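To start, the structure under review is shown below, and the notes come after it.
The values are calculated or read from the model by the stated rules, or taken from the named source; none is laboratory data. All values reported here derive from a predicted model rather than from experimental measurement. Heads up, the Cβs are rebuilt from the backbone with ideal geometry, glycines too, and the neighbour counts pull from every protein chain shown. Keep in mind that these areas ignore ligands, DNA and RNA; they rest on the heavy atoms of the full protein, side chains included. Shrake-Rupley method; radii C 1.70, N 1.55, O 1.52, S 1.80 Å.
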Amino acid sequence: MSVNDDVLRALEARNRALEAELEEATATLDAIRNGEVDAVVVGGPAGQIVYTLENADRPYRVIVEQMREGAVTLGGDGTILYCNQSFATLIDQPSDQVVGQSIFDFVAEHTVLETVFGSATTAGQSIELTLLTPLGDPVPSNISIVELAVEIGMDRMLCMIVTDLRQNYQRAREVAEANRRLAREIADRTRIEESLVIALDAAEMGSWDLDLASGKAIRSVRHDAIFGHEPMLADWSLDRTLSHFIAADREAAAAAFHAAEKTGRLDFERRIQRAGDGAVRWVHLRGRTFHREGRPERIAGIITDNTERRLVEEQLRQSLKMEAIGQLTGGVAHDFNNLLMIIGGSLESLARRAQLGERAQKLLDAAQVGVARGAKLNQQLLAFARRQDMHDDVVCLTDLLPTFETLLDRAIGEGVTVEIQQEPELWPCRTDAHQLETAILNLAFNARDAMANSGKLSLATANVTIGEEEARRFDAQAGDYVAVCVSDIGPGIDPEVAARVFEPFFTTKELGKGTGLGLSQVYGFARQSGGFVRFDSVVGQGTTVTIYLPRAEPVAAPSPIIEPASVRGTADGSVLLVEDDADVRAAASAMLEELGYEIVEVASGDAALEVLDGGRPVDLVFTDVIMASGMSGIELARTINERRPGLPVLLTSGYTAQKLSPTSIHGELPLLRKPYTLAQLSEALGGLQRGRGPKAAGGGGVVAV
């Protein structure tokens with residue numbers, strides 16, 4: 001047996017002893033963990049030391065083993081004396097391999113732990129450190145260290161509680177990501193809400209959100225402004241909303257809100273009385289009902305002030321209505337002119353040919369006066385229809401005011417005082433001075449009658465610039481205008497009546513005291529002048545009618561008008577008469593014969609060309625413009641101008657130069673307006689033969705061809 005064998009056997013014996021001791025220690029630890037012992041006896045150089053484990057500590061040992069946090073008992077040098085299963089799992093090692101190792105081997109931040117370890121007290125302290133597994137995987141942890149109280153002379157002992165922070169960190173990351181998403185959503189929603197607020201404000205819409213349970217509402221600044229509250233009120237309710245609706249609309253508004261709880265929709269237009277100025281405004285409310293568990297909870301929506309839109313729509317309807325009436329009126333006036341032409345021409349021919357007694361002559365004279373009055377009435381109808389002849393001149397109303405003042409003084413009587421208010425430097429405007437005079441007279445007569453022949457009438461002029469928005473209200477062009485205002489201090493009229501004042505034959509006067517055409521003539525004249533008219537009336541205060549005439553550049557003064565010549569006793573030459581109405585043709589033929597002309601009658605333009613192409617001698621052509629079939633009189637004149645350039649052509653029509661002017665070729669043709677007298681016909685035909693057309697004073701005009 002060698003020495004080596006002895007050493008080997010000694011080592012084996014030592015190993016068995018150590019294993020036995022380890023087994024005993026493990027069993028002891030298990031007993032301690034499970035609370036199976038009351039005391040532990042530990043032998044050492046100084047003899048045996050008894051550690052008593054009182055019964056009260058057993059439940060705590062069980063709790064320590066079962067808790068999720070890691071629990072470690074350390075010696076003063078950092079040696080691990082004990083750890084629970086949670087700590088062993090945390091560092092991914094069996095607990096029996098962990099005991100006896102240094103805690104510093106499992107912590108990444110050695111220096112930090114040493115500092116904390118050295119300064120630990122019974123009060124304890126906490127720090128976040130990183131534990132390391134055998135594979136080097138980091139485990140973020142919260143470590144709380146407290147020094148244990150031991151008997152004097154015993155080695156220092158510490159207790160460490162380790163909390164795994166990986167789930168906390170994961171939750172923190174998830175919460176942070178959720179917060180970032182929420183922040184983005186909040187930012188997006190804020191931008192959307194801000195954009196919505198901007199868009200609603202730009203569209204002049206107010207927003208509101210009504211809580212049905214409390215009756216309270218949150219709303220935008222624009223919402224309160226629409227109701228006339230600036231700055232906005234501290235709170236708002238459904239009752240306050242309903243209180244703003246006028247009495248006639250309040251019940252309907254309340255019913256609409258009530259119905260919205262069932263239908264889910266709110267959409268109505270009603271009138272409110274605005275706070276502050278008391279103005280009555282049209283508002284449009286639209287909203288949607290939101291439900292919770294099947295019950296209506298709130299209604300949210302918008303409100304808009306639709307007053308201007310309704311005014312524009314009403315003005316458009318009125319404009320279309322007036323245009324339609326104008327079209328009808330113009331057609332009736334044209335036919336009426338033909339009838340007057342027949343009657344007047346026949347009466348004039350009869351007066352020149354027949355020898356009548358005194359009584360019969362009076363009847364004939366009365367009939368001719370009736371024709372003249374009918375022609376004047378027809379001119380008023382044409383004025384409303386914007387189809388009367390307009391001598392479109394550039395005039396300065398300041399020069400005409402003295403004439404107007406004298407005219408008004410004579411026309412309206414002594415009981416009415418006339419006050420003239422002039423713009424110091426009035427712009428020139430483009431209009432027909434005679435038609436303007438007629439319009440002012442019509443307005444003055446209305447003002448006089450409204451004031452019962454006693455009061456003050458004001459005639460004022462002003463330079464006015466009309467913007468786009470105001471121009472749209474009156475279907476006019478924006479720009480500079482000369483305003484002529486006629487005002488009275490009469491009783492005024494209510495808005496419902498004011499909406500109809502420009503309709504033909506509409507009048508507020510007693511039966512037989514007015515034709516209802518005065519304001520119609522003013523309306524048509526203003527429109528045909530390129531302007532518009534405004535009617536303002538307040539019950540109990542009076543009425544103002546303002547005519548707006550477009551500003552014009554000043555021009556040189558026009559040449560004087562040549563007065564028409566008297567009826568010639570005889571005439572010579574051949575006249576080709578073109579008229580599709582047989583009765584009008586007969587009356588015109590009789591008048592031409594009365595003047596001494598030789599007459600060739602045809603009923604159409606085509607027939608007239610056949611006569612000319614046939615070689616029959618004709619000195620001039622007298623043709624109606626509007627004919628039922630075939631070419632018009634203007635087309636006939638154009639064709640004659642091409643085939644017989646030197647042949648004079650005189651046009652006649654119940655319409656007017658403005659209605660008939662084409663622009664296809666250059667040149668001018670004289671126009672004789674129906675009904676015409678024998679003197680006017682004589683002057684027109686004589687003017688053609690002398691190389692000039694009929695003048696304005698003769699009831700005619702010119703047509704461009």
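Taking the stretch 474-526 as the range and being aromatic (Phe, Trp, Tyr), buried (at least 20 other Cβ atoms within 10 Å of the Cβ) and at pLDDT 75 or above as the test, the residues that pass are Tyr481, Tyr523, Phe525. When restricted to residues that are more than 60 Å from the chain's Cα centre (by Cα), charged (D, E, K, R) and surrounded by 16 or more Cβ atoms within 10 Å (Cβ to Cβ), the stretch 581-633 contains 3.
Do the conditions hold for Leu671, that is, is it within 26 Å of Val371 (Cβ to Cβ), in contact with a strand residue (DSSP E or B) (Cβ under 8 Å, 6 or more places away or on another chain), outside any helix (DSSP H, G or I) and at pLDDT below 90?
Values: within 26 Å of Val371 (Cβ to Cβ): yes; in contact with a strand residue (DSSP E or B) (Cβ under 8 Å, 6 or more places away or on another chain): yes; outside any helix (DSSP H, G or I): yes; at pLDDT below 90: yes.
So Leu671 passes the test.
Pick out, from the stretch 192-291, the helices (runs of 4 or more DSSP H) lying fully within it that include 2 or more residues that are exposed (fewer than 15 other Cβ atoms within 10 Å of the Cβ).
On the way: elements: 221-226, 238-244, 247-263.
Because the criterion is at least 2 residues that are exposed (fewer than 15 other Cβ atoms within 10 Å of the Cβ), the helices (runs of 4 or more DSSP H) in the stretch 192-291 that meet it are 238-244, 247-263.
Checking the structure you have, find out if any residue of the stretch 174-187 is within 28 Å of Glu21 (Cβ to Cβ) and either in contact (Cβ under 8 Å) with a residue 60 or more places away in the chain or open to solvent by less than 40 Å² (accessible area, probe 1.4 Å) (or both). For the stretch 174-187, residues within 28 Å of Glu21 (Cβ to Cβ) and either in contact (Cβ under 8 Å) with a residue 60 or more places away in the chain or open to solvent by less than 40 Å² (accessible area, probe 1.4 Å) (or both): absent. Residue under question is Glu194, and the condition is that it be acidic (Asp, Glu), assigned by TED's automatic domain parsing to the domain that holds Ile103 and without any contact (Cβ under 8 Å) to a residue 40 or more places away in the chain; does it hold? No, not satisfied.
If you take the residues in the stretch 413-465 that are β-branched (Val, Ile, Thr) and outside any helix (DSSP H, G or I), which one is surrounded by the fewest Cβ atoms within 10 Å (Cβ to Cβ)? Quick ask: steps written out before the conclusion?
Of the stretch 413-465, the ones β-branched (Val, Ile, Thr) are 416-418, 420, 431, 438, 440, 461, 464-465.
Going one step further and asking which of them are outside any helix (DSSP H, G or I), we end up with 416-418, 420, 431, 461, 464-465.
Details: Val416: 20, Thr417: 13, Val418: 18, Ile420: 14, Thr431: 28, Thr461: 23, Val464: 17, Thr465: 10.
Restricting to residues being β-branched (Val, Ile, Thr) and outside any helix (DSSP H, G or I), the top hit is Thr465.
Taken together, the criteria exclude Leu81 from residues that are open to solvent by less than 50 Å² (accessible area, probe 1.4 Å), touching a strand residue (DSSP E or B) at 6+ places or on another chain (Cβ under 6 Å) and not assigned by TED's automatic domain parsing to the domain that holds Thr26. Inspection of the stretch 232-254 identifies no residue that is basic (Lys, Arg) and within 13 Å of Thr304 (Cα to Cα). Can you find, within the stretch 400-412, the residue that is surrounded by the fewest Cβ atoms within 10 Å (Cβ to Cβ) among those that are modelled with pLDDT under 70, out of contact with any strand residue (DSSP E or B) (no Cβ under 9 Å at 6 or more places or on another chain) and not hydroxyl-bearing (Ser, Thr, Tyr)? Top of the filtered list is Arg410. Within the stretch 150-160, does at least one residue satisfy the condition of being free of Cβ contacts under 8 Å to residues at least 40 places away in the same chain and open to solvent by less than 50 Å² (accessible area, probe 1.4 Å)? No, the stretch 150-160 contains no residue that is free of Cβ contacts under 8 Å to residues at least 40 places away in the same chain and open to solvent by less than 50 Å² (accessible area, probe 1.4 Å). Listed by first and then second residue, the pairs with beta-carbon distance under 7 Å, at least 6 apart or on different chains, first residue in the stretch 88-105 and under 16 Å from Leu131 (Cα atoms), second assigned to a helix (DSSP H, G or I) and open to solvent by 50 Å² or more (accessible area, probe 1.4 Å), are Ser95/Gln85; Phe104/His110. Within the stretch 93-113, the residues that satisfy the criterion of being in a helix (DSSP H, G or I) and open to solvent by 50 Å² or more (accessible area, probe 1.4 Å) are Asp96, Gln97, Asp105, His110, Thr111, Val112. When residues in the stretch 467-497 are screened for being farther than 29 Å from Leu400 by Cβ, over 29 Å from the mean Cα position of the chain (by Cα) and not in a loop (DSSP other than H, G, I, E, B), 0 of them pass.
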